[in-house]
Amino acid sequence: MNNMDHSNLVEASGFSLRYGRKTAVDDISFKIPKGRVVGLLGHNGAGKTSLMKAMVGLIGGSGQLSVLGLDPRAQRNELLTSLSYIPDVAVLPRWAKVEELLTLMSGLQPRFSAERARTLLKRTSVASGDKVKNLSKGMVTQLHLALIAAIDTRLMILDEPTLGLDVMSRKSFYEMLIDEWCDGERTVIISTHQVEEIETLLSDVMMLDEGKLVLNISLEEMDSRFVALSHDAAAADAVASAHPLLRYRLQGKPAALFDGEPPVHLQALGQRFRPSLVDLFMALTRKPEMQSRQA
Amino acid sequence: MSTRFMTLLQREWMQHHKGWLLVMLIPPLLVLIGMPFGSIQLDHSAPPAMAIALLALAGTTLGVFGISWMINMFQMPGLARRDQQDRTIEFWLSLPGTHTESIGATLLMHAVLIPMLALAVGAGLGLLMAAAAVTKVAGLAALTEVSWLALLAAGVAGLLRLALGVVLMSLWFAPLVLAVMAASAWLKRWGAPVLIAATIIVGNVLDKVYDNRIVWNLLKAQSEGAGRAFFDAKHQLQQIEEKGEGVTQFISQISSWALQDGLTAIANLASPHLIGGLVVAAACFGLLILHRRNAH
């Protein structure tokens, strides 16, 4: 841990995590500096939740992992006072009133501001006298975000925070997150399946596939590195021979996604466009055997 | 005590206070409400008003405490998995705090502080019950025959002795309670039945086959220790009562009895049974922490 660069909020080097014989996170290395909105993407079982749990010290692994300059496993209690975290299956206590949760958070989390939480709650339809059990799922999620966004920290970790919510609730959640918490200095790490919805929010993306970090890149780099080409069906064979990362259809037309510039002779056969994060996600995490079958 | 630990105690109160208060208040209030319509049967001639008041006070205090304590003990195994069952464990684990603090706050609140509150509530309602019982048996005028100040002084002394008793009794019962909790945490709903069945089987096998009564002797030592820790450690109160010196004399001796009895109960802590039990309790506490660490 000592040779980690503490200017990064999160830093991993050769970090692995195993459950018995199953490897959940496989020898990954990355750095997350301040002021970023990082999307952690991956299929079910890719290792996203395991990695996030390791980041907050709930499970340990091998290799090096430093969060806010601390060892998450050994200094978990100290770490939890300095970061905000919504776990994937977090359920707020149904017996509690909102005001009681503010009281509990004030006593348990030294950096929590009840006043700030009340201000954030004014953006929602949740009242301080409401009981959690009487709130809708969307309202509970908004309440949870208001609670953890009222903690004065530099790092927020959100594990599938909008899972099971309708589109309106998801949109409200991310609006509140960006408007009220992200200030250019703080970093958020969000794991989600709803890739298309958060694409516009992200500054960086990390993709996990079967525990391996297959992509760790900023959105700017992504735009310059990956190129998609929309082409006619007649050019399909020529495109396939150039071994694109992914061949798919976009608005009825065949398209191909390349890591880097497509060969010059192909560029004349089609039209370049910016690939979406979903397409890139599919390209990098779909099983090769499945891809060949689809193609 | 740290702010965090106090907050964890407050959390227990927020979550369970309605049930606790209902258990403490409903039985004595039902008796109070029903008293004008019922009758109190006495075998012999009516006892002095002071004796009626003392009996009502002591009976209500111990009654409220007993009901509350039994219900709390009955709930203890379930507390081991409470946060997993209501799926809030991930929320609690996302906040600062050690597992020791979380489990410790639950145990302290349910096993010690709430039983002590039950004693206080029982004593408060006991005074009302005493006035109602005296009025019912001997008429309104008999209220003036009761030396309320002396009764109050004896009541406070007795209450302090019982409060100390709750703490000491909890130490004696700690291995049993924590063993059931640890079994429930690891084996879920089968935990308590499996532990009880295993204890009975092992105890009987050792007793009947090997003529070794160690299991029964240990259980007896723990329960007798708990009983002595809670109340009348040297049966002195019983001796005072048997002297038959009259109620006023009896009441006047309660304060000195409470002090002596409390000191005796504390001295009884120097027991290998208690220390052995606390080692078992600590091991079971460790199992609870281990289970909570993995509960995500």
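With the condition kept exactly as written, say whether any residue in the range B:74-83 is within 14 Å of another protein chain (Cβ to nearest Cβ), of a type outside the set (A, V, I, L, M, F, W, C) and either out of contact with any helix residue (DSSP H, G or I) (no Cβ under 9 Å at 6 or more places or on another chain) or not in a loop (DSSP other than H, G, I, E, B) (or both). Checking the range B:74-83: at least one residue is within 14 Å of another protein chain (Cβ to nearest Cβ), of a type outside the set (A, V, I, L, M, F, W, C) and either out of contact with any helix residue (DSSP H, G or I) (no Cβ under 9 Å at 6 or more places or on another chain) or not in a loop (DSSP other than H, G, I, E, B) (or both). When B:183, B:157, B:221, B:179 are screened for being hydrophobic (A, V, I, L, M, F, W, C), in contact with a Ser or Thr (Cβ under 7 Å, 6 or more places away or on another chain) and touching a residue at least 12 places away in the same chain (Cβ under 8 Å), only B:157 passes.
The residue of the range B:126-136 that is farthest from the other protein chains (Cβ to nearest Cβ), among those that are of a type in the set (A, V, I, L, M, F, W, C) and open to solvent by 20 Å² or more (accessible area, probe 1.4 Å), is B:131. In the range A:250-260, the residue that is nearest to the chain's Cα centre (by Cα) out of those that are open to solvent by 30 Å² or more (accessible area, probe 1.4 Å) and modelled with pLDDT of 85 or more is A:259. Would you check if residue A:127 is surrounded by fewer than 18 Cβ atoms within 10 Å (Cβ to Cβ), within 13 Å of another protein chain (Cβ to nearest Cβ) and aliphatic (A, V, I, L, M)? For residue A:127, the condition - surrounded by fewer than 18 Cβ atoms within 10 Å (Cβ to Cβ), within 13 Å of another protein chain (Cβ to nearest Cβ) and aliphatic (A, V, I, L, M) - is not met.
Considering only residues in the range A:63-102 that are without any contact (Cβ under 8 Å) to a residue 40 or more places away in the chain and charged (D, E, K, R), the one that is nearest to the other protein chains (Cβ to nearest Cβ) turns out to be A:100. Close Cβ contacts (under 6 Å, 6 or more residues apart or on different chains) running from residues in the range A:36-52 that are over 24 Å from residue A:177 (Cα atoms) to residues that are open to solvent by 20 Å² or more (accessible area, probe 1.4 Å) comprise A:46/A:209. A search for C-beta distances below 7 Å between a residue of the range A:262-278 that is open to solvent by 50 Å² or more (accessible area, probe 1.4 Å) and any residue that is not hydrophobic (A, V, I, L, M, F, W, C), counting only pairs 6+ apart in sequence or on different chains, returns A:269/A:231; A:271/A:230; A:273/A:230; A:274/A:223. When the residues of the range A:148-170 are filtered to those that are touching a Ser or Thr at 6+ places or on another chain (Cβ under 9 Å) and assigned to a helix (DSSP H, G or I), the one that is surrounded by the fewest Cβ atoms within 10 Å (Cβ to Cβ) is A:169.
Can we say residue B:104 is modelled with pLDDT of 95 or more, surrounded by fewer than 21 Cβ atoms within 10 Å (Cβ to Cβ) and either outside any helix (DSSP H, G or I) or within 26 Å of the chain's Cα centre (by Cα) (or both)? Let's see the steps before the verdict.
Details: modelled with pLDDT of 95 or more: yes; surrounded by fewer than 21 Cβ atoms within 10 Å (Cβ to Cβ): yes; either outside any helix (DSSP H, G or I) or within 26 Å of the chain's Cα centre (by Cα) (or both): yes.
Considered against the rule, which asks whether it is modelled with pLDDT of 95 or more, surrounded by fewer than 21 Cβ atoms within 10 Å (Cβ to Cβ) and either outside any helix (DSSP H, G or I) or within 26 Å of the chain's Cα centre (by Cα) (or both), residue B:104 comes out as yes.
If you go through the range A:52-86 and keep only what is within 16 Å of the chain's Cα centre (by Cα) and either open to solvent by 50 Å² or more (accessible area, probe 1.4 Å) or among the basic types (Lys, Arg) (or both), you end up with just A:53.
One residue is enough: does the range A:43-51 have a residue meeting the conditions open to solvent by 20 Å² or more (accessible area, probe 1.4 Å) and within 13 Å of chain B (Cβ to nearest Cβ)? Spell out how you get there, then give the answer.
Keep residues of the range A:43-51 that are open to solvent by 20 Å² or more (accessible area, probe 1.4 Å), which gives A:43-45, A:49.
With the extra rule that they be within 13 Å of chain B (Cβ to nearest Cβ), the set shrinks to A:49.
Scanning the range A:43-51, I find at least one residue that is open to solvent by 20 Å² or more (accessible area, probe 1.4 Å) and within 13 Å of chain B (Cβ to nearest Cβ), so the answer is yes.
Looking across A:195, A:188, A:205, one residue alone is at negative phi, touching a Cys at 6+ places or on another chain (Cβ under 8 Å) and open to solvent by less than 10 Å² (accessible area, probe 1.4 Å). It is A:188.
The values are calculated or read from the model by the stated rules, or taken from the named source; none is laboratory data. These numbers were taken from a predicted model, which means no experiment stands behind them. When we count neighbours, we look across all protein chains shown, and the Cβ atoms used for this are built from the backbone with ideal geometry, even at glycine. Remember, those area values only see protein heavy atoms, side chains included, never the ligands or the DNA or RNA. Shrake-Rupley method; radii C 1.70, N 1.55, O 1.52, S 1.80 Å.
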